[in-house]
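Structure, as structure tokens:
The values are calculated or read from the model by the stated rules, or taken from the named source; none is laboratory data. On a predicted model such as this, the values are computed, not experimentally measured, just so you know. So basically every Cβ, Gly included, is an ideal-geometry build from the backbone, and we count neighbours across all protein chains shown. In case anyone asks, the SASA skips ligands and DNA or RNA and just uses the protein heavy atoms, side chains included. Shrake-Rupley method; radii C 1.70, N 1.55, O 1.52, S 1.80 Å.
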Amino acid sequence: MVAQGSPGGPHAHPALRLEIAEGPSDELQQQLADGDIDACLLYSAHLRRGLDHVRIAPVRLRLMLPANHRLADRDEIALAELSDEPAILTSLRPARDLAENLMRHAGVEPVAGWSMANVETIRAMVARGLGYSVLVGRPHGDRTYDGLPLIYRRIADELPENAVVLACVRGGQTTAALKALTDFCVREFGEAGRPVQ
């Protein structure tokens, strides 16, 4: 994300022009290190050493299941209860490594299932009963593009803390544009003390 300020009058708030780049968190952090972008939004669990960051909002992994799953009537599910079912996980790293490590921390060795880069493809496969998935947050709408229902449940296991953060190069210059971007993210997306569900 490249943030550039634009001039205004003496009492005007600086306007921002954002150029947005998308990609896996490791690629975005490399772009930060190379000076190609000024800041990036990512999960604190993916954060490399040597970057400054501002915590924006806490997040927590959730289970995604087909609506007719045998545990659908439960509000909270332990990962061990799914230990014999296939997991459909993102193929993007380090997100996949993080999900697998968290499952192993809970005593579950993920059963090899499908691996996809696109979240909507994962949602569609889960809705068709091909397995379960874990993801951060919950997209608006509990139906896939083809109209099939999904359910999201809280994971009963104790999980490490995670949060959305805005990262930048350590010791870099805090420009007015970068400060405005940080203030905007905290104001619009921050949910202090309450994990995003």
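If a residue must be within 19 Å of the chain's Cα centre (by Cα) and open to solvent by less than 90 Å² (accessible area, probe 1.4 Å), how many such residues does the stretch 158-180 contain?
Residues that pass the stated criteria total 9.
Of the residues 131, 147, which single one is out of contact with any strand residue (DSSP E or B) (no Cβ under 7 Å at 6 or more places or on another chain) and over 30 Å from residue 38 (Cβ atoms)?
147
Evaluate the stretch 3-21: report whether one residue or more is modelled with pLDDT under 85, surrounded by 11 or more Cβ atoms within 10 Å (Cβ to Cβ) and over 19 Å from residue 186 (Cα atoms).
yes
Anything in the stretch 50-75 that is at pLDDT 90 or above and part of a loop (DSSP other than H, G, I, E, B)? List them, or say none.
Within the stretch 50-75, 67, 68, 69, 70, 71, 72, 73, 74, 75 meet the criteria.
What are the residue pairs meeting all of these: first residue in the stretch 105-123, first residue under 23 Å from residue 159 (Cα atoms), second residue of a type in the set (Gly, Ala, Ser) and open to solvent by 40 Å² or more (accessible area, probe 1.4 Å), Cβ atoms under 7 Å, and 6 or more apart or on different chains?
Close Cβ pairs (under 7 Å, with a partner that is of a type in the set (Gly, Ala, Ser) and open to solvent by 40 Å² or more (accessible area, probe 1.4 Å)) amount to 106/80; 107/80; 108/80; 108/83; 115/91.
Do you know which of the residues in the stretch 84-117 that are in a loop (DSSP other than H, G, I, E, B), open to solvent by 50 Å² or more (accessible area, probe 1.4 Å) and in contact with a helix residue (DSSP H, G or I) (Cβ under 9 Å, 6 or more places away or on another chain) is nearest to residue 144 (Cα to Cα)?
For the stretch 84-117, the residue satisfying everything is 114.
Of the residues that make up the stretch 144-152, is at least one β-branched (Val, Ile, Thr), in a loop (DSSP other than H, G, I, E, B) and either at pLDDT 90 or above or closer than 19 Å to residue 42 by Cβ (or both)?
Scanning the stretch 144-152 turns up at least one residue that is β-branched (Val, Ile, Thr), in a loop (DSSP other than H, G, I, E, B) and either at pLDDT 90 or above or closer than 19 Å to residue 42 by Cβ (or both).
Within the stretch 76-85, is there a residue that is at pLDDT 90 or above and of a type in the set (Val, Ile, Thr)?
yes
Cβ-Cβ below 7 Å, separation at least six or inter-chain, first residue in the stretch 29-57 and at positive phi, second not charged (D, E, K, R): which pairs?
Correct list of pairs: empty, since none qualify.
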